[in-house]
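Take a look at the structure set out below.
The values are calculated or read from the model by the stated rules, or taken from the named source; none is laboratory data. For clarity, every value in this text was computed on a predicted model and none was experimentally measured. Cβ placement follows ideal geometry from the backbone for every residue including glycine, while neighbour counts extend to all protein chains displayed. Protein only, heavy atoms only, side chains kept; ligands, DNA and RNA dropped before computing areas. Shrake-Rupley method; radii C 1.70, N 1.55, O 1.52, S 1.80 Å.
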Amino acid sequence: MDNASEGNDTQIVEQGDTPSEEKHAEVSKPSEEDQTKHLDGSSNGTNSKEKEPCSSKDSPDEEQDEAKLQEKLQSLKGDRIGETMYSERFVLSTILKLSKQGDRLLEEDEEFEHDLCNLWDMTIEPDVVRFLLEQDVIELFLALSAGSQDFRLIEILFGIIGNMCCVEEMHALFHSQSALLVTLCDFLSVTDAPVLVQLMRTLTTLFDRSDDERYHWFAVMKQVDNLTEKIALILATSTNRALLEHTVETVNAMINRFTEAEVDYAQLNEFYRLFAKSCLLEGLFEAFRQLYPLPVRTGSDGFDEETLTLKDVKTMRRFLEIHEHFIVNANELYESYVSEVDQCVHRVLASFVNPSVLFPVSKNTVCIFVSISNIYSGLMYHFRAESFVYMVQIYEQLAEALQNPSTPAAPPAEPASDAMEEDDGVVDDGGEFEVETACAEIREAIFFLVGPIDESIIRAAIRMGQLKQSTFERMCRELRETMDGEPLLYQTCAKLMSAVRSDDQETDQPMPQSAQ
């Protein structure tokens, strides 16, 4: 499916998206040679002389030069787009040339490709987006894409559309002319990874940023032929990391939009009939294995987390949130896939038992533990000893961090990636509230996991992990405080304490005389 490497990943940013830095680093922002696209002819609208205040002793020549400059700036303001310093003439000339592109490949005209990438950069400005909408460019972009085999051209056009979806006027257009959105989704069948990355980013932005009361997208999206099957095929067959990450984001955005944000809850069952299909689950499991493979050595749980980034943590969260939604609302779908979803949870827990991944606790961490708790509350009578041990060890670290907040819970670790920003562009370094919430969620996940499990199985897991009795004493004490009223609370706590105490008794028994 993929004819692009992982380096084609184009990140979602708060304002929009720009061309890939690896492919077009020179167009991430206008260069000096592109200043003809700006109105003042200089990088900041002034040169070094213009920044100096005029003194009362300026010569007549200097005053004349200043007057000419002001006159030039005033004349150029008539060409600018809104409050930006971008030129209407440049945008219009680029669109005109685009309409005459025909069958020519973009790679045959590097200068025009450069101009299109500049236009892509410019669409982070709402005024530019509104100007483009006035030119009816979406119809042009889709028509050109439908008749083109130039995937680079389609990628850039879809990247521009994705940026434009940050502006509400774009939502109004897609909602009022729903055929445009359906046509856009027809490109889910293409096999070019960079094109699909931009398409997924467009859909995610559209669903995440729409006004709940004004736009109801389910009625539009159910018109797309084989929507679920197309997404499932991408997840199941792609090896492009960026595409898999963006596709999972899109699936999660659809579920959130159609099950939580949509006003007409009568459509909920219809959504799950359309979306909750075994092919999608199988695609999700295959994509997860592709992104986070199991250890090469048989029987080993030693995962190498040196390359685990905050992007990975966010993607893990999305996978678990999708399964959480389906388990809560379409539980019967998982009857044949319990072991697969358990493997995903186990793989995530194996990451977070590492202190350098667990700390500092972030919003993503808390959300992951919430999803695990809800998954285990929906998957009854299933128990993996290794996952149980991991959760108890994670709980021990969080509890210790709460008890000794001034003491680092883990040795300082170098960031696994430079991409340390959360969705809002600010590093989320956790805090006492996040640690306390994460501790409560992992504690509840343990409660739901062991609830229906026989005491002897729990005892064997405690022995395998060499877990401490004091840990369970604290855990049960806290469960009684936070889950008071839960029907099986005291029964489950009594079972846990019985399992750990009987294990201690077996361990502490004196050796028989004959063996001494």
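Summary of computed values
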item: Residue in region 169-178 that is farthest from the chain's Cα centre (by Cα), counting only those that are surrounded by fewer than 20 Cβ atoms within 10 Å (Cβ to Cβ) and assigned to a helix (DSSP H, G or I); result: 176
item: Residue among 181, 153, 92, 132 that alone is modelled with pLDDT of 95 or more, farther than 22 Å from residue 246 by Cα and crowded, with 19+ Cβ neighbours inside 10 Å; result: 132
item: Total residues in region 137-147, condition at pLDDT 95 or above and over 19 Å from residue 225 (Cβ atoms); result: 7
item: Identity of the residue in region 185-225, in contact (Cβ under 8 Å) with a residue 60 or more places away in the chain and within 20 Å of the chain's Cα centre (by Cα), that ends up nearest to residue 252 (Cα to Cα); result: 204
item: In region 214-255, the residues that are of a type in the set (Asp, Glu) and over 17 Å from residue 178 (Cα atoms); result: 229, 245, 249
item: Residue 228 surrounded by fewer than 21 Cβ atoms within 10 Å (Cβ to Cβ), part of a helix (DSSP H, G or I), in contact with a helix residue (DSSP H, G or I) (Cβ under 9 Å, 6 or more places away or on another chain) and in contact (Cβ under 8 Å) with a residue 12 or more places away in the chain; result: yes
item: Residue 264 vs. criteria open to solvent by less than 50 Å² (accessible area, probe 1.4 Å) and either at pLDDT 75 or above or over 20 Å from residue 345 (Cα atoms) (or both); result: no
item: Qualifying residue in region 231-254 (condition: more than 28 Å from residue 312 (Cβ to Cβ), assigned to a helix (DSSP H, G or I) and open to solvent by 10 Å² or more (accessible area, probe 1.4 Å)); result: no
item: From 462, 458, 446, residue being under 33 Å from the mean Cα position of the chain (by Cα) and either part of a helix (DSSP H, G or I) or hydroxyl-bearing (Ser, Thr, Tyr) (or both); result: 446
item: Residue pairs meeting the criteria (Cβ under 8 Å; at least 6 apart or on separate chains; first of a type in the set (Lys, Arg), in region 87-99; second surrounded by fewer than 17 Cβ atoms within 10 Å (Cβ to Cβ)); result: 89/79; 97/112
